[in-house]
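The values are calculated or read from the model by the stated rules, or taken from the named source; none is laboratory data. Treat the numbers as computed from the prediction; the structure is a model and nothing was measured. Here the Cβ is made from the backbone with ideal geometry for all residues, glycine too, and neighbour counts use every protein chain on show.
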Amino acid sequence: MHALIAMTPTGQHETDELQGAHEEFIGALERDHRVILGGELKPPLAGHLGAYVVRCRDLEEAQRLAEQDPLAKSGAITVQAYEWQLVGVDPEAVDKDALLFP
């Protein structure tokens, strides 16, 4: 299954170090082929500043995984997993020039 991980700021200060650790965390998930896509929401949507879609066994695993994000562990964000019924992905439709992390 797949889950959408919604990230919501708590108002606590987010440092550059924490942001770097978050990016390393997401990068590790990408290398393990767990993250399908993700990114920042501009403007934030319903209080969520960003989201990513992960491959997982169940919603509980997705929530546990998201809670390992250094931003979540520090209290800078809260995370919530939602079931995502993926209908398809066309890799050719991705604007590779817009990718921040290949």
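Name the residues in the stretch 43-77 that are among the β-branched types (Val, Ile, Thr) and either touching a Pro at 6+ places or on another chain (Cβ under 8 Å) or farther than 16 Å from ILE26 by Cα (or both), would you?
ILE77
Determine, yes or no, whether ASP32 is among the acidic types (Asp, Glu), within 22 Å of LEU99 (Cβ to Cβ), crowded, with 17+ Cβ neighbours inside 10 Å and modelled with pLDDT of 90 or more.
Spelling it out, it is not the case that ASP32 is among the acidic types (Asp, Glu), within 22 Å of LEU99 (Cβ to Cβ), crowded, with 17+ Cβ neighbours inside 10 Å and modelled with pLDDT of 90 or more.
Could you check, for the stretch 75-94, whether at least one of its residues is polar (S, T, N, Q), closer than 15 Å to HIS2 by Cα and surrounded by fewer than 14 Cβ atoms within 10 Å (Cβ to Cβ)? Walk me through how you get there before you give the answer.
Here is the first cut: in the stretch 75-94, the residues polar (S, T, N, Q) are 78, 80, 85.
With closer than 15 Å to HIS2 by Cα added as a condition, the list becomes 80, 85.
Restricting the remaining residues to those that are surrounded by fewer than 14 Cβ atoms within 10 Å (Cβ to Cβ) gives 85.
Within the stretch 75-94 (the criterion being polar (S, T, N, Q), closer than 15 Å to HIS2 by Cα and surrounded by fewer than 14 Cβ atoms within 10 Å (Cβ to Cβ)), the answer is yes, since at least one residue qualifies.
Between a residue in the stretch 67-86 that is touching a residue at least 24 places away in the same chain (Cβ under 8 Å) and any residue that is of a type in the set (Val, Ile, Thr) and part of a loop (DSSP other than H, G, I, E, B), which pairs come within a Cβ distance under 7 Å, given they are 6 or more apart or on different chains?
Going by the 7 Å Cβ cut-off, the qualifying pairs are GLY75/THR10; ALA76/THR10; ILE77/THR10; THR78/THR10.
Cβ-Cβ distance below 8 Å, separation of 6 or more or different chains: which pairs start in the stretch 2-17 with a residue that is farther than 25 Å from ARG34 by Cα and end on one that is modelled with pLDDT of 90 or more?
THR10/GLY75; THR10/ALA76; THR10/ILE77; THR10/THR78; GLN12/SER74; GLN12/GLY75; GLN12/ALA76; HIS13/ALA76
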